[in-house]
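Engineer: One structure is given below, represented as structure tokens, and several questions about it will come after.
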Amino acid sequence: MGKNILIIASLANSLSHFRGDFIAELIKQGYTVFAAAPEMTKKNIDKLSQLGANPLSFDLDRTGLNPLKDLKSIQQLKSIIKENKIDLVFPYTIKPVIYGSIAASLCKTSTISLITGLGFTFSGASKKAKFLQQITKRLYRYSLRKNKLVIFQNKDDLQLFKESRILTKKQETDIVNGSGVNLDRYPFRVAQANSRNVKFVIVARLIKEKGIQLFMDTAIELKKVYPLAEFHIIGGQADPPSGVNIDAIKRLDDSKIIIFHGLVNNVPDFLKDMHVFVLPTFYREGVPRSILEALSIGMPVITTNTPGCKETVIPEKNGFLIPAKSLDPLVDACRYFLENPSIVERMGQESRKLAENKFDVNIINQHLVEHINDVLN
């Protein structure tokens, strides 16, 4: 008889978008997959059902720290685990990992957690961020202690968990190269940039920590000298305090300094016409999925020399790593492509090679499934 696996996420969209291939692979291996997230829409349910998963909804306050709401989340997850006779819980992102692990522990159910970056709490230097960091560390420490395995997406996050004594000395851990990318869904294309007319693009939630403002400031600086250069922003609005002022973005769009697309459903179609992918983030990423998609399509990448991002670039081979929160190095890196447009094609080919050798979703999912097989058998 097949075993039951519960995958828990904080965003329903991410289950099909980031974990769709993983869910399909688990089902192919004979597992019954339940996929749980808050605020499931009909579209989410349909997508997950088409994959062969059983969609489930539970309440989750994704941002705040409200003990009553958080207890409710744990209780609901506990009920889901018991009612569906779950054999293994697989949560990812902060709150699902913490609450999913606690619920599984109360039900004496095996858990493998996936740490997909440490987010705002570990990125910010404000008093609030530092306060949240201390609470989050304690919650991680308490919830992960009975996990069979904790998987990270980069070695820096694993090191931080060890140094902060979040993990016990006996804790089993591993590292995978992000969530992987489906190489067929993001097919390679050869892009030839014309002199002075290079198209730069950022794909990200419109939050300050992703470096959106730095990208806009770079566009303002370079458009003075290279009026034909294009700076494209793709992404959905985010709430304050992290959300970037949407009116400022629209003003730059109106004055033709940037081209703002908002949230789009067909990212691969947009990327295939772009030349250079930019992500000047100072957010604690796992490995940014947006960069992996750009690598697969065959784009040079400019990103920050920070955990999760530095794994995606071999400097001067497929792009550039720049210091976080620094405008001048970003301007210089973009200017390099404007002055050397012929390099776009060669660096793009190196990006695709990196995607094939290191970030292919099939390699990563096989690795995860082997761990699940080990724990359940």
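The values are calculated or read from the model by the stated rules, or taken from the named source; none is laboratory data. Owing to the predicted nature of the structure, the values given are computational and were not obtained by experimental measurement. Glycine gets a Cβ as well: all are built from the backbone with ideal geometry, and neighbour counts include every protein chain shown.
Engineer: Taking ILE233 as the residue in question, decide whether it is β-branched (Val, Ile, Thr), touching a residue at least 24 places away in the same chain (Cβ under 8 Å) and farther than 26 Å from ARG62 by Cα.
Structural biologist: No; evaluated as a whole, the condition is false for this residue.
Engineer: Confirm whether ASP21 is in the same structural domain as LEU144 (by TED's automatic domain parsing) and more than 25 Å from LEU183 (Cβ to Cβ).
Structural biologist: Taking the combined requirement at face value, the residue does not satisfy it.
Engineer: What do you reckon, is PHE200 of a type in the set (Phe, Trp, Tyr), part of a helix (DSSP H, G or I) and buried (at least 20 other Cβ atoms within 10 Å of the Cβ)?
Structural biologist: No; evaluated as a whole, the condition is false for this residue.
Engineer: Quick one: which of ALA219, ALA229, ALA248, ALA191 is of a type in the set (A, V, I, L, M) and within 30 Å of ASN362 (Cα to Cα)?
Structural biologist: Of the residues listed, the single one that is of a type in the set (A, V, I, L, M) and within 30 Å of ASN362 (Cα to Cα) is ALA191.
Engineer: Which one of these is touching a residue at least 40 places away in the same chain (Cβ under 8 Å), crowded, with 17+ Cβ neighbours inside 10 Å and over 20 Å from the mean Cα position of the chain (by Cα): SER73, SER105?
Structural biologist: SER105
Engineer: For region 219-250, what are the residues that are more than 28 Å from GLU339 (Cβ to Cβ), surrounded by 12 or more Cβ atoms within 10 Å (Cβ to Cβ) and out of contact with any Lys or Arg (no Cβ under 7 Å at 6 or more places or on another chain)?
Structural biologist: Residues satisfying the conditions are GLN237, GLY243, ASN245, ILE246, ALA248, LYS250.
Engineer: If you don't mind, there's one more thing I want to ask. Of all the residues that make up region 141-172, how many are more than 22 Å from GLU311 (Cα to Cα) and either polar (S, T, N, Q) or not assigned by TED's automatic domain parsing to the domain that holds ASP87 (or both)?
Structural biologist: 5
Engineer: Still on this structure, I have one more. Quick one: would you say ALA129 is in contact with a helix residue (DSSP H, G or I) (Cβ under 7 Å, 6 or more places away or on another chain) and more than 25 Å from ALA35 (Cβ to Cβ)?
Structural biologist: For ALA129, the condition - in contact with a helix residue (DSSP H, G or I) (Cβ under 7 Å, 6 or more places away or on another chain) and more than 25 Å from ALA35 (Cβ to Cβ) - is met.
Engineer: A follow-up question, please. Take the residues of region 1-15 that are among the small types (Gly, Ala, Ser) and in a helix (DSSP H, G or I): which is farthest from ARG205 (Cα to Cα)?
Structural biologist: Residue satisfying both the conditions and the ranking: ALA12.
Engineer: On to the next question. Could you check region 250-279 and list, in sequence order, the residues that are of a type outside the set (A, V, I, L, M, F, W, C), touching a residue at least 40 places away in the same chain (Cβ under 8 Å) and outside any loop (DSSP other than H, G, I, E, B)?
Structural biologist: Listed by number, the list holds a single entry, PRO268.
Engineer: Looking at ALA204, ALA191 in this structure, which one is outside the structural domain of ARG335 (by TED's automatic domain parsing) and in contact (Cβ under 8 Å) with a residue 24 or more places away in the chain?
Structural biologist: Testing whether each residue is outside the structural domain of ARG335 (by TED's automatic domain parsing) and in contact (Cβ under 8 Å) with a residue 24 or more places away in the chain leaves just ALA191.
Engineer: Of (1) of a type outside the set (Lys, Arg); (2) in a helix (DSSP H, G or I); (3) modelled with pLDDT under 95, ILE291 satisfies all except one. Which?
Structural biologist: Unmet condition: (3).
Engineer: Shifting gears a bit: Keeping to region 294-323, report how many residues are in a loop (DSSP other than H, G, I, E, B), small (Gly, Ala, Ser) and over 18 Å from the mean Cα position of the chain (by Cα).
Structural biologist: Qualifying residue count for the region: 1.
Engineer: Could you identify the single residue in GLU316, GLU293, GLU350 that is over 19 Å from ASN197 (Cα atoms) and in contact with a helix residue (DSSP H, G or I) (Cβ under 7 Å, 6 or more places away or on another chain)?
Structural biologist: When all the criteria are applied, what remains is GLU293.
Engineer: Does ALA333 meet the test of being small (Gly, Ala, Ser), within 18 Å of the chain's Cα centre (by Cα) and assigned to a helix (DSSP H, G or I)?
Structural biologist: So ALA333 fails the test.
Engineer: Of the residues PRO329, PRO315, only one is free of Cβ contacts under 8 Å to residues at least 12 places away in the same chain and crowded, with 17+ Cβ neighbours inside 10 Å; which?
Structural biologist: Of PRO329, PRO315, the one residue that is free of Cβ contacts under 8 Å to residues at least 12 places away in the same chain and crowded, with 17+ Cβ neighbours inside 10 Å is PRO329.
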